[in-house]
Amino acid sequence: MLPQPHAPVPELYVSYESAAKLKIEAGDLPSWDLTARQVCDLELLMNGGFNPLKGFLSEEDYDSVVETMRLKDGSLWPMPITLDVSEKFADGINEGQDIALRDPEGVILAILSVTDKWVPNKAREAEKVFGADDAAHPAVNYLHNVAGPVYLGGPITGIQQPVHYDYRARRDTPNELRAFFRKMGWRRVVAFQTRNPLHRAHQELTFRAAKEAQANLLIHPVVGMTKPGDIDHFTRVRCYEAVLDKYPAATTHLSLLNLAMRMAGPREAVWHGLIRKNHGCTHFIVGRDHAGPGKNSAGEDFYGPYDAQDLFKEHADEIGIEMLDFKHMVYVQERAEYQPIDEVEKDATVLNISGTELRRRLQEGLEIPEWFSFPEVVEELRRTKPPRSKQGFTVFFTGLSGSGKSTIANALMVKLMEMGGRPVTLLDGDIVRKNLSSELGFSKEHRDLNIRRIGYVASEITKNGGIAICAPIAPYTATRRAVREDIESFGAFVEVHVATSLEECERRDRKGLYKLAREGKIKEFTGISDPYEAPTQAELVVDTEGQEVDFCAQQVILKLEQMGLIAA
Ligand code: PPS
């Protein structure tokens, strides 16, 4: 049965008067500063987007969702919505206590009445929810390396919505959308979920879907959190706005959804369906590889291209929204139109540009044909993503102390400055420790903080079109990966492993530190009494043994040329 599109969905907010009072009282409660992902989750909990959830999952609901995709009362819910916190914070919280939930600026958004506190089995969560405990999956990586170790659960009392200063007029709560549909007399609405700009294939697919369902169309892109490396939502919204007039105005609506995606393929499709039902839609488009996370660490796809459609089909009645499943859309040259791949005639010429190929063409400033996208969209993409040779980038050297990182980094800096065109900044390990991280030692926690600071500065330089050269030891894979993710949304991240062996570094012992470390006079010394996790997927590996510094720096320059980052 289709949902009643216009009946309001329950929200978790208290009245305006109570909110003002609660906010003052909540000032005395212990408070948790929400992460970016938690702010997204909280917003959809409070505004009914995650109906029937009434708060962050209790332990029992969590176990049930992980194992069976259902809450303990039996309702279908595929995604664990949990409040992960640090051990330190959890230690001070007891079940039965209220805590204030604050946004990053310290504004109290809600109160959580804690009913449950537990340490989750993250490996099981990864296996069951995402299909594999493989950190190549962005949500598994998040689970292990970003999310806190303890979960708190309990009902939420909503005080106020998170504030958005961007595209306010294009954001709607589920009930606002329902009211809009009612006002417009839209009884059948097909939702299109996306985290990419709309190209011609998407337009064809959405047209077909609306026609097939005899419904109006809601373009409902995610602007909360998507896959690391995706095009930022500001650019995407400008792209959506640029093509809105290609749709009949009276039949199509664009609304932004502040969802934090998990890229969980099949489970995510079911979740997206439930969310769209809550927003008053009656139909939902599921295409090829819905919410796909890309390849696993063995280079294979995490899910089959149509697994999401299969799982959705199994639960369609319960989700309460009708799926419109589509095969991959391709351009058929002879017909000069897009068709689902299974409808294409045998000898027809099929044209297709993959996401990777599109990125390459943008990066290299190559032509993007009109059959693929709209000139307005291409222009917008080119504006934010100039060719690589004009973008900022980061070269990140990593290696043992005394491996030669700083020497090569200095030589590289001078060579790049000689070429000119972009400002170059060197963030050498020792310089950073003097200027940015003087209070830090060498524990894992401090090293991570040090690298995250370097990553932050490098990402700002990269975003603003400069070249950042970093040369810390950076001994931990997960931290280097986090820095890579921060930077790759703005430009290239070139990891260079200076793979000089420990024996050689110790033999050189340029600063006399290895001797002191061996004597136990320096503790936690990388390679001697502290770990170094060598990169396995660095863009370049250089070995300084028997090589001139100049030759090593030249290898980096060649790599940069090969990647299109500097003009040949
Ligand atoms: S880290 O792990 O990335 O935060 O280290 P980094 O900021 O690059 O700092 C490394 C430099 O500090 C000196 N030093 C030590 N290194 C490793 N372990 C211990 N315990 C330690 N104590 C001091 C050392 O000279 C490193 O400089 P480089 O340039 O790497 O030789």
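FYI, it's all coordinate maths here, none of it is from the lab. The model shown is predicted, which means the values in this text are computed figures rather than measured ones. When we count neighbours, we look across all protein chains shown, and the Cβ atoms used for this are built from the backbone with ideal geometry, even at glycine.
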Plugging the Cβ-Cβ distance of Leu366 and Ala136 into 1/(1 + (r/R0)^6) at R0 = 25 Å yields, to the nearest 0.05, a FRET efficiency of 0.30
Going by C-beta contacts inside 10 Å, put Phe493, Phe284, Phe372 in order with the fewest on the left. Phe372, Phe493, Phe284
Relative contact order (%) - criterion: Cα under 8 Å, at least six apart; region: the chain: 12
Taking amide H positions as placed 1.01 Å from N in the peptide plane, with prolines and chain starts having none, which residues 5 or more places from Glu539, or on another chain, fall under 5 Å of its amide H? Glu495
Ranked highest first by the average count of other Cβ atoms within 10 Å around their residues, in what order do 166-175, 351-360 fall? 166-175, 351-360
Report, in degrees rounded to the nearest 10, the 0 to 90 angle that the Cα long axis of helix 355-364 makes with the longest principal axis of the chain. 50
State, as an integer percentage, the relative contact order of the range 16-158 based on alpha-carbon contacts under 8 Å between residues 6 or more apart. 30
Taking the Cβ-Cβ separation of Glu445 and Trp118 as r and a Förster radius of 22 Å, what is the calculated FRET efficiency to the nearest 0.05? 0.40
Using Cα pairs under 8 angstrom and six or more residues apart, how large is the relative contact order of the range 388-562, in percent? 34
Table column - 3J(HN,Hα) (Hz), the range 383-398, Karplus curve with 6.51, -1.76, 1.60, x for Gly and Pro: 5, 7, 10, x, x, 3, 5, 10, 8, x, 7, 10, 9, 10, 7, 9
If amide hydrogens are placed 1.01 Å from N in the peptide plane, which non-local residues have theirs closer than 5 Å to the one on Leu426? Ile469
How large is the helix-only mean residue ellipticity at 222 nm for the chain, computed as the sum of -39500 (n - 2.57) over DSSP H runs with n ≥ 4, divided by its residue count, in deg cm²/dmol to the nearest 500? -11000 deg cm²/dmol
For a quick protection proxy, order the peptides 10-17, 407-414 by their average other-Cβ count within 10 Å, most packed first. 407-414, 10-17
So what J values fall out for the range 273-286 if you push phi through Karplus, 6.51 cos²θ - 1.76 cosθ + 1.60 with θ = phi - 60°, rounded to Hz, Gly and Pro as x? x, 4, 4, 5, 4, 4, 8, x, 8, 10, 9, 9, 8, 10
What is the sum of charges around Leu29, taking Lys and Arg as +1, Asp and Glu as -1, for the other residues whose C-beta is under 12 Å from the C-beta of Leu29? -1
Starting from the Cα of Val350, step 7 Å along the direction of its Cβ; do the same at Gln333; then give the gap between the two resulting points in nm. 1.5
Just to confirm the number: angle between the C-alpha axis of helix 200-213 and the first principal axis of the chain, 0 to 90 degrees, nearest 10? 30
Row for the chain, column shape: gyration tensor on C-alpha, a ≥ b ≥ c, rounded if a/c < 1.5 i.e. under 1.5, prolate if a/b over b/c, else oblate; value oblate
Tell me, Tyr240, Tyr165, Tyr456 in order of fewest to most beta-carbon neighbours within 10 Å? Tyr165, Tyr456, Tyr240
Might you report the magnitude of the Cβ-based charge dipole of the chain about its Cα centre, with Lys and Arg at +1 and Asp and Glu at -1, to the nearest 20 debye? 1220
So what are the ³J(HN,Hα) numbers for the range 236-242, from phi and the Karplus equation (6.51, -1.76, 1.60; θ = phi - 60°), rounded to whole Hz, Gly and Pro as x? 4, 5, 4, 5, 4, 5, 5
Rounded, prolate or oblate: pick one for the range 470-568, where a ≥ b ≥ c are the square roots of the eigenvalues of its C-alpha gyration tensor, a/c under 1.5 means rounded, and failing that, prolate if a/b is larger than b/c, else oblate. oblate
At what distance in nm do the modelled label points of Glu545 and Ala169 sit from each other, each positioned 7 Å from its Cα along Cα→Cβ? 6.6
Please give the net charge around Ala567, taking every other residue with its beta carbon less than 13 angstrom from that of Ala567, where Lys and Arg add +1 and Asp and Glu add -1. +1
Please give me the summed charge of the neighbours of Glu418: other residues whose Cβ is under 15 Å from its Cβ, Lys and Arg +1, Asp and Glu -1. 0
Relative packing of 466-472, 47-53, which averages over residues the other C-beta atoms within 10 Å, highest first: 466-472, 47-53
Antiparallel DSSP beta bridges within the chain, percent to nearest 5: 35
Taking Cα atoms, the helix 405-419 axis meets the longest principal axis of the chain at an angle in degrees (rounded to 10) of 70
Can you tell me how the range 16-158 classifies by the Cα gyration tensor, rounded, prolate or oblate, using a/c under 1.5 as the rounded cut? prolate
Interchain or long-range residues, amide H under 5 Å from Trp77's placed H: Arg70, Leu71
What distance in nm separates the two pseudo spin-label positions at Asp430 and Arg452, each 7 Å out from Cα along the beta-carbon direction? 2.8
